[in-house]
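Trainee: Got a structure for you, questions after.
The values are calculated or read from the model by the stated rules, or taken from the named source; none is laboratory data. Here the structure is a predicted model, which means the values were calculated and not measured. Note that each Cβ is placed from the backbone with ideal geometry, even for glycine, and that neighbours are counted across all protein chains shown. Please note that ligands, DNA and RNA were not included when accessible areas were found on the heavy atoms of the full protein model with its side chains. Shrake-Rupley method; radii C 1.70, N 1.55, O 1.52, S 1.80 Å.
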Amino acid sequence: MEQGNGERNAPPSVLVIFGASGDLTRRKLVPALESLAEAGRLPARSAVVGVGRTPMSDAEFQTKVLDGGVSVQPALTDGYCYLAGGYDDPDTYRRLSGLLDQLDADRGTAGNRVFYLSTPPEAFEPIVTGLGAAGLSCGECRVVIEKPYGTDEQTAEQLDTTVHAHFTEPQVFRIDHYLGKDTVQNLLALRFANAVFEPIWNRTWVDHVQITVAETLGVGTRGSFYESAGATRDILQNHVLQVLALALMEAPTSFAAEAVRNEKVKLLQSIRLPTATEIDRIAVRGQYTRGGTRDELMAGYREEPGVDPLSQTETYAALRLDVDNWRWAGVPFYLRTGKRLPRRVTEVALQFSRPPHLPISAGDASELDADALVLRIQPDEGIELRFGAKVPGHSFRVRTASMQFSYGESFREESPEAYERLLLDALIGDPTLFIRSDEVLQCWRIIDPVIQHWSTDPKRIPTYEAGSWGPDEADRLLERDGRSWRNT
């Protein structure tokens, strides 16, 4: 992680993108690389090698990935080349090895190589095996692997076995783009750079915590993918648990990579693993149906392209977790994610306990909610502190007020795109914001019992109308504890 005032610049490097003809390369990866090069953080001598099954010339590849994806004059114009071949064909890796050696000689990249696996997950193992067999997994090289990293703990362990047969753990960068967001990293700054928050960041003052990842969109053209993933695998197992770990972990001894990741793992290991008998009490799923207005009617999930008309896949998932450690014992953590909800929002909300005695009449405090600290990750990045304040006037009425911190208004610097930060870290070799092997396995241990229970549950999946805040069962999840979701 960045420390001090020094510039973080990558050495001349080669980024090899497997699955380079895909949308992620054009929309995210190449614009991020071009932005880094324009800012002087990636030398112009660097190169990008696209690898894919689709036949394409170097010029066609350059046109494809730069067309519509980059708004500036390309900084790496002559640094793009393409290699067509099958991921399970040894000849692909033999030719790739020769090309990389040639780039080292021509551009001075000195063996600094990052292999980015932007492919369907079934291609991960053949690619890793091919790289290892061709002798491309040694030296200064690193491999970046997109999610999903397995579909459960068992498949994640199987993938790990293959990966570790060819790459050491320090060479493996499992990516979650949420960790590249400045607002997610600000969780660390808020907690550990401000003495005022530490005394209240515990079970004594915090009543409960809510983490929400809400989307207004449906599954769109990703229906066939979503049928095998669902909201729990797609969002809860990775994005939400990563944010949870950063928000709740203990202070690391430093911001060195392993110090931070050690504390995240300790926190995840402290989460009480759900048992089969508890699932119906602590977990809720749902699936959106047709909704909206007559003029803007939104299709139901089962009407989306690629979706089984009788699908039981969840597009909404909510979960209560408990953390069995000294800081958080007894504090419930409510996680939820869903598609076709009323608002696009990602936030962490700490709701504090109410005062032990309120010397104000109930009528004068009827508009007073519990104090809360809300960390908005997207789209309105910032922090909100909610507290009680007297309403101007002759009576002593108190209602909730708020103080707002906005990233856009407070800083002149523009936040880099998440992939820009993460690609720079991978090129430098900084693993702080990437997920370690034991971390990903622990996340699956938490989520697996829920997924397994739902896969054998004979009951029909609860539904919610598109444009609403989810199924009624999700409201009851909190109502049983005397609490309610933040839907404002």
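Trainee: State the answer as a single residue: which of VAL345, LEU188, PHE387 lies farthest towards the positive end of the charge dipole of the chain, with beta carbon charges of +1 for Lys and Arg and -1 for Asp and Glu, about the Cα centre.
Mentor: Checking the options against the dipole of the chain, the answer is PHE387.
Trainee: With n ≥ 4 as the cut-off for DSSP H runs, can you work out [θ] at 222 nm for the chain, using -39500 (n - 2.57) per run divided by the number of residues, rounded to the nearest 500? Write down the numbers at each step before the final one.
Mentor: On the way: 14 runs with 146 residues, N = 488.
So the calculated ellipticity at 222 nm is -9000 deg cm²/dmol.
Trainee: Let me ask something else about it. Once amide H atoms are placed 1.01 Å from N in the peptide plane, what residues at a sequence separation of 5 or more from ARG142, or on another chain, have their amide H within under 5 Å of its amide H?
Mentor: The list, which skips near neighbours in sequence, is ARG113, VAL114, PHE115.
Trainee: Please report the carbon-and-sulfur percent of the accessible area for the chain; probe 1.4 Å, protein heavy atoms only, DNA, RNA and ligands left out.
Mentor: Values: 11060 of 21740 Å².
Ligands and nucleic acids excluded, carbon and sulfur give 51 percent.
Trainee: Can you compute the FRET efficiency between ALA256 and ARG327 using 1/(1 + (r/R0)^6), with r the Cβ-Cβ distance and R0 = 30 Å? Round to the nearest 0.05. Kindly include the intermediate steps, with their values, before the conclusion.
Mentor: Details: r = 22 Å, r/R0 = 0.73.
That gives a FRET efficiency of 0.85.
Trainee: Calculated FRET efficiency, THR216 and GLU60, Cβ-Cβ r, R0 35 Å, to nearest 0.05?
Mentor: Values: r = 36 Å, r/R0 = 1.03.
The calculated FRET efficiency here is 0.45.
Trainee: Still on this structure, please answer the following. Pairs LYS147/LYS339; LYS264/LYS459; LYS181/LYS266; LYS64/LYS147; LYS28/LYS339: which exceed 28 Å Cα-Cα?
Mentor: Exceeds cut-off: LYS264/LYS459.
Trainee: Let me ask you something else. Below 8 Å, C-alpha to C-alpha, sequence gap of six or more: please give me the relative contact order for the chain in percent. Mind showing how you got there, number by number?
Mentor: On the way: 894 pairs, mean separation 87.5, N = 488.
Reported relative contact order: 18 percent.
Trainee: Ignoring ligands, DNA and RNA, how do THR25, THR204 rank by accessible area with a 1.4 Å probe, largest first?
Mentor: Values: THR25 0, THR204 90 Å².
Most to least solvent-accessible, the answer reads THR204, THR25.
Trainee: Let me ask something additional. Express in whole angstrom the spacing between the alpha-carbon centres of the stretch 273-340 and the stretch 176-194.
Mentor: 25
Trainee: Rolling a 1.4 angstrom probe over the protein heavy atoms, how many square angstrom per residue are accessible across the chain? Don't jump to the answer; show the numbers that get you there.
Mentor: Values: 21740 Å² over 488 residues.
Spelled out: the 1.4 Å probe surface of the chain, per residue, equals 45 Å².
Trainee: Can you give me the long-range amide H partners of TYR80? Hydrogens built in the peptide plane at 1.01 Å from N, cutoff under 5 Å, separation of 5 or more residues or another chain.
Mentor: Under 5 Å from the amide H of TYR80: VAL48.
Trainee: Around HIS208, which amide H atoms from residues at least 5 apart in sequence, or from another chain, sit under 5 Å from its own amide H, with H modelled in the peptide plane?
Mentor: GLN351
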